Amino acid sequence: VNESEMTIRMGHEAWSEESPYRIPSRKLAIWLFILSDAVTFGSVLFAYGYVRVGTAAWVRPFDFSPTIVNGMVMTLILLSSSVTMLAAFERAKNKDKSRCILWLAVTMVLGLLFAALHIREWLRMIGDGWRLFQNPVGGPALFGATFFSVTGLHLMHVLAGVVAIAVVAVKYNRARMDTGHVEIVGLYWHFVDVVWMFVFPLVYLMNAK
Amino acid sequence: MAPAETRGVPAMKSYGAILVGLLCIVGIEVFSTYRHMSTHQLLLALLICAFVEAGIAVMYFMHLKDERPSLLWSLILALAFVLFMMDHIWPDALRLANLRVIFW
């Protein structure tokens, strides 16, 4: 054992330790971030769930058309964007840079389309008189607070995801990021998709007429 | 070994099949919504569908099934523990529980 090896063993042992889950540290970091974000959404949805079920006079303002249909289209778009993100990752694994960036761009377009439909829905509701603490059809004003806060938190995640994908796409194109970064931003994007799987039934379908 | 151009094709086909499966679950959710169930029954049905959907997405889209089992269990158990504590143990949860309508 030479001196440099001794230094590594004695002074910098943690540097040479293997990851406990045999994944890169950045991937472990995004999983831990996802875990903490899942708790955030969990707490918001728990609070909403209790208020929703515990309030007898809760309003159900959403018609099948346009609101529920719009929500179904948004679900289709977001689920499809997960598949396009997977396509980008598959291309990145095959070192096919141009197609990877193409699929990342498609994912961003789908994310923006989702956000546009979401904002259109918000504007329609605001036009009908819905506010954070204002209910135009009578009943608990909490409906607006829960609807706008839950869907707004999710919408912020979608927009943040689009920005993150754009940053990764640009840096991947310049060879300043690699396949691992595409995978990590993909994990975040899929998580946003998973959260919508709870938001759509709990916030939209539970409030359908 | 398959050429690089075609290597990802089988994986994409399976992702397409998973997407169709997830959309079917969404269809079941919408169908359940208009079955005139009680609020509690509907909530239970929608939560079951949502957890199945999320489980499929986490395992296949996020590839958690391909990671070491220790990662899967660390994440799932930690999340379940925190959500359980938040929902059933912490004082605010007990206060909120009084708002809840009893299922049975």
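The values are calculated or read from the model by the stated rules, or taken from the named source; none is laboratory data. Keep in mind that this is a model prediction, so the values were computed, not measured. Note that we place each Cβ from the backbone using ideal geometry, even for glycine, and neighbour counts take in every protein chain shown.
Against the numbered list (1) among the polar types (S, T, N, Q); (2) modelled with pLDDT of 95 or more; (3) within 21 Å of residue B:46 (Cβ to Cβ), residue A:179 comes up short only at (3).
Based on what the data block shows, is residue A:85 facing chain B (nearest Cβ under 10 Å), more than 25 Å from residue A:209 (Cβ to Cβ) and either under 15 Å from the mean Cα position of the chain (by Cα) or hydroxyl-bearing (Ser, Thr, Tyr) (or both)?
Values: facing chain B (nearest Cβ under 10 Å): yes; more than 25 Å from residue A:209 (Cβ to Cβ): yes; either under 15 Å from the mean Cα position of the chain (by Cα) or hydroxyl-bearing (Ser, Thr, Tyr) (or both): yes.
Yes, satisfied.
Looking at A:123, A:113, A:187, which one is modelled with pLDDT of 95 or more and under 22 Å from residue A:60 (Cβ atoms)? Going through A:123, A:113, A:187 in turn, just one is modelled with pLDDT of 95 or more and under 22 Å from residue A:60 (Cβ atoms): A:123.
For region B:46-68, the set of residues classified as surrounded by 19 or more Cβ atoms within 10 Å (Cβ to Cβ) and over 24 Å from residue B:13 (Cα atoms) consists of B:46 only.
For the condition over 28 Å from residue A:57 (Cβ atoms), in a helix (DSSP H, G or I) and at pLDDT below 90, residue B:59 does not qualify. Against the conditions (1) under 30 Å from residue A:19 (Cα atoms); (2) at the interface with chain A (Cβ under 7 Å from one of its Cβ atoms); (3) polar (S, T, N, Q), residue B:74 satisfies every one except (2).
If you go through region A:20-36 and keep only what is more than 8 Å from chain B (Cβ to nearest Cβ) and touching an Asp or Glu at 6+ places or on another chain (Cβ under 8 Å), you end up with just A:27. Taken together, the residues in region A:68-79 that are within 10 Å of another protein chain (Cβ to nearest Cβ) and buried (at least 18 other Cβ atoms within 10 Å of the Cβ) amount to 5.
Residue-by-condition table, conditions (1) surrounded by fewer than 21 Cβ atoms within 10 Å (Cβ to Cβ); (2) within 18 Å of the chain's Cα centre (by Cα); (3) charged (D, E, K, R):
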position: A:94; (1), (2), (3): yes, no, no
position: A:110; (1), (2), (3): no, yes, no
position: A:128; (1), (2), (3): yes, no, yes
position: A:142; (1), (2), (3): yes, no, no
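Being assigned to a helix (DSSP H, G or I) and either modelled with pLDDT of 95 or more or under 26 Å from residue A:185 (Cα atoms) (or both): is that true of residue B:42 here? When the stated conditions are applied, residue B:42 does not pass them.
Select, from A:179, A:146, the only residue that is within 14 Å of another protein chain (Cβ to nearest Cβ) and more than 22 Å from residue A:63 (Cα to Cα).
Details: A:146 fails: more than 22 Å from residue A:63 (Cα to Cα).
After ruling out the rest, the residue left standing is A:179.
If you go through region B:8-49 and keep only what is in contact (Cβ under 8 Å) with a residue 12 or more places away in the chain, at the interface with another protein chain (Cβ under 7 Å from one of its Cβ atoms) and closer than 30 Å to residue A:91 by Cα, you end up with B:15, B:22, B:26.
Considering only region A:114-133, state which residues are assigned to a loop (DSSP other than H, G, I, E, B) and not acidic (Asp, Glu). So that I can check it myself, show each step before the final result.
The first filter runs over region A:114-133 and keeps only residues assigned to a loop (DSSP other than H, G, I, E, B), leaving A:128-130, A:132-133.
Residues satisfying the conditions are A:129, A:130, A:132, A:133.
Kindly provide the set of residues from region A:158-183 that are within 13 Å of the chain's Cα centre (by Cα) and touching a residue at least 40 places away in the same chain (Cβ under 8 Å), ordered by number. Residues satisfying the conditions are A:158, A:159, A:161, A:162, A:165.
Quick one: which of A:136, A:140 is over 26 Å from residue B:31 (Cα atoms), within 14 Å of chain B (Cβ to nearest Cβ) and in a loop (DSSP other than H, G, I, E, B)?
Numbers: A:136 fails: within 14 Å of chain B (Cβ to nearest Cβ).
Unique residue meeting the criteria: A:140.
Summed over region A:52-67, the residues that are more than 7 Å from chain B (Cβ to nearest Cβ) and in a helix (DSSP H, G or I) give a count of 5.
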